[in-house]
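What follows is one structure encoded as structure tokens, with my remarks underneath.
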């Protein structure tokens, strides 16, 4: 995923992080300068859904405009392996059986 906040804001005439931070504050979302810097100029590692909702409200957009999918970054799914009928009885291909361990509890106190 690619974070697209700056371009979405620029398309609406918002050019400065401080201006956007003020607009968020007017909607009840107070963001620190450090977090605002990460949202504005970086690629945030996480964002709360409540915050995303306010950001979308201020920009009058949907999350699909802020979060752009990059198709090349995720590896394709591995093909599912099917169980061969001849392998069902083969013990070499089965996972090892689970065996309980002997209890290693505390010893009894002296009488």
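Rule-based calculations on the coordinates, nothing more; no lab input. Bear in mind that the values here come from a model prediction, so they are computed numbers and not experimental data. Counting neighbours? That spans all protein chains shown, and the Cβs are built from the backbone with ideal geometry, glycine included.
Results, tabulated for the structure shown:
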| item | result |
| --- | --- |
| Relative packing of 55-66, 10-21, which averages over residues the other C-beta atoms within 10 Å, highest first | 55-66, 10-21 |
| Cα-based helix-to-principal-axis angle, 17-26 vs the chain, degrees rounded to 10 | 80 degrees |
| Tilt relative to the chain, helix 49-59 - C-alpha long axis, 0 to 90 degrees, to 10 | 20 degrees |
| Segment residue 107-residue 73, length gained on full extension (0.36 nm per residue, minus Cα span) | 6.7 nm |
| Full-extension gain in nm, residue 45 to residue 98, via 0.36 nm per residue minus C-alpha separation | 15.1 nm |
| Along each principal axis, Cα extent of segment 2-67, largest first, Å | 25, 23, 20 |
| For q = 0.20 Å⁻¹, Debye-computed log10 I/I(0) when each Cα of the chain counts as one equal scatterer | -1.10 |
